[in-house]
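The values are calculated or read from the model by the stated rules, or taken from the named source; none is laboratory data. Model, not experiment: these values are computed from the prediction. Quick reminder, even Gly has a Cβ in these numbers, built from the backbone with ideal geometry, and neighbours come from all protein chains shown. To get the accessible areas, we keep the full protein, side chains included, count just its heavy atoms, and leave off ligands, DNA and RNA. Shrake-Rupley method; radii C 1.70, N 1.55, O 1.52, S 1.80 Å.
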Amino acid sequence: MLLRHTPKEIKERKALAVNPAKTCQPIGAMYAGLGIHACLPHSHGSQGCCAYHRSTLTRHYREPIMAATSSFTEGASVFGGQANLLQALLTIFTTYNPDVVAVHTTCLSETIGDDVNQIVRKAKKDGTIPEGKYVVHTATPSYVGSHVTGFSNMVKSIAIQMAEPTGTSNGRVNIVPGFVEPADMAEMKRIAGMMGVNPILFPDTSGIVNGPLTGKFEMYPKGGTSIEDLKSTGDSIGSIGLGAWASADAVKAMDTQFKVPGQVQDLPIGLLATDRFVDALRTVAGVSVPDSVTQERGQLLDVISDMQPHLYGKKVALAGDPDQLIPLVEFLVTIGMKPVHIVTGTPGKAFTKRIKEITAKFGDDINVKTPGDMFLLHQWIKNEPVDLLICNTYGKYMARDEDIPFVRHGFPILDRIGHSYFPTVGYKGGLHLLEKILGVLMDRKDRDSSEEAFELVE
Ligand code: SF4
């Protein structure tokens, strides 16, 4: 019902976004903080912001997301939040005893102009931050960028503020995984392990936001990048950042400040992007690709080949984060599909350029918009219908209104499970993605087939 009144006619809009394909910066920063072992994310702003960020992450991961807040009221809003943050750090370390507190700002504290760096230095000087404990902080004004920007800002701050280079190589490779699911982070480590690489992956939310039910509450679950590993990132032989929007800043900062050579690759979604990830691991770590990895690649290739009749020429509309969409669109083109409408809510001109390059063989009739919104995507679909929609949960309204097969992918997914546990990166992830795409396409074919064309074997 929500979108039934979306008109087909498209009018130029400049100052209005309707159903933007993004959410706010601190959500990304909070998620990144959760990827450090025994870290309590802290929202420097009002309680409402923190409650919203926690609840969005809780609904997506179906895990209780722990975070603290500076709890601004009228006084802090007028006079600044220093007293609130100092009191908060005291309470956090005495009551909840984390090893790290990851502070991010909000629209309100940014507008006031709180100098969080100075406040943290004061807390250290005053002894509010106990010996052996850490506070990292980053700025996440949500009137610019998106949750991806907030994630990137926090990861860069973790890299700069936690690294303690010794000048002696640790022989390891830093992997900055981007804003991906915990299952994706685990899969990246698995692939690196298969290749004999011992990576420092940060942040690492695997085991934290997709942990087991044990019957016992743990404030700081097993998992997350350890402080020792974070300190050691400055001694690594190289860094691989996955996703330019979420990981490039951290990789570049480590290159500039600690002389750790870095490269930025696309997220390893699909055949070709995974090839590039495997090759990057091979060259940075100086290892060779084992048969076990080649075997997984061959399996993905086999399914792509087997299922061509169901994929070829099918039109797809997508909305999501730029780091996800670029390799995803490339994967769809690789398997013979035709992505025709693509929007991301996260700004960045490079997005349109990359998508146009990837879809160049289709000519100029591909719609791309950044920052775009789902209202526009819906209008495009009304003008040129598609066979498949790939989007986060909010796409379900469009899928229902236009009767389109729908694959949930991205953030947030609020009405299905699986995203936390089954990766979409790597060759295995590509298989999982393909299985989901084929599942909805073939269900639709079965639904719409006449009695005579309804086949047992496809
Ligand atoms: S006020 Fe800003 S930081 Fe807080 S929830 Fe809204 S957009 Fe996010």
For the stretch 60-156: span of alpha carbons on each principal axis (Å, largest first): 35, 35, 24
Segment LEU213-ARG447, extension gain: residue separation times 0.36 nm, minus the distance between their alpha carbons: 80.5 nm
Span from the the stretch 319-352 Cα centroid across to the the stretch 164-220 one, whole angstrom: 26
Global form of the stretch 381-455, assessed from the alpha-carbon gyration tensor, a/c cut-off 1.5: oblate
Solvent-accessible heavy-atom area per residue, rounded to whole Å², over the stretch 323-458 at 1.4 Å: 43
Largest to smallest principal axis extent of the C-alpha atoms in the chain, angstrom: 78, 54, 46
Convex hull projection area averaged over all views, the stretch 218-305, Cα basis, nm²: 8.1
Of LYS11/LYS349; LYS156/LYS216; LYS22/LYS445, those spanning more than 27 Å from alpha-carbon to alpha-carbon: LYS156/LYS216; LYS22/LYS445
Per residue accessible area in Å² of the stretch 20-134, where ligands, DNA and RNA are left out and the probe is 1.4 Å: 41
Cα long-axis angle, helix 271-285 against the chain (0 to 90 degrees, to the nearest 10): 40
Carbon plus sulfur fraction of accessible area for the stretch 99-213, probe 1.4 Å, in percent: 51
Principal-axis tilt of helix 426-448 within the chain, Cα atoms, nearest 10 degrees: 40
Linear extension gain, THR111 paired with ASP302, 0.36 nm per residue minus alpha-carbon span: 63.3 nm
Value of relative contact order over the stretch 364-458, rounded to a whole percent, pairs C-alpha under 8 Å and six or more apart: 19
Where the Cα pairs of the stretch 145-286 fall when distances are cut into 10 Å bins, in %: 12, 44, 34, 9, 1
Whole-percent carbon and sulfur share, accessible surface of the stretch 221-336, 1.4 Å: 52
Net dipole in debye of the stretch 186-236 [+1 Lys, Arg Cβ; -1 Asp, Glu Cβ; about Cα centre; nearest 20]: 160
Distant alpha-carbon pairs in the stretch 245-370 (separation over 25 angstrom), percent: 36
Inter-centroid distance (Cα atoms) of the stretch 421-449 relative to the stretch 364-383, Å: 24
Carbon + sulfur, % of accessible area of the stretch 1-59 - ligands and nucleic acids excluded, 1.4 Å: 57
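Which of the chymotrypsin sites (Phe, Trp or Tyr not before Pro) found in the stretch 241-316 are in a DSSP loop and have at most 16 neighbouring Cβ atoms, other than their own, within 10 Å?
Numbers: sites: TRP245, PHE258, PHE277, TYR312; in loops: TYR312.
Of the chymotrypsin sites (Phe, Trp or Tyr not before Pro), the ones in loops of the stretch 241-316 whose Cβ has at most 16 other Cβ atoms within 10 Å are TYR312.
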Helix 349-358 axis, angle to the chain major axis (alpha carbon atoms, nearest 10°): 30
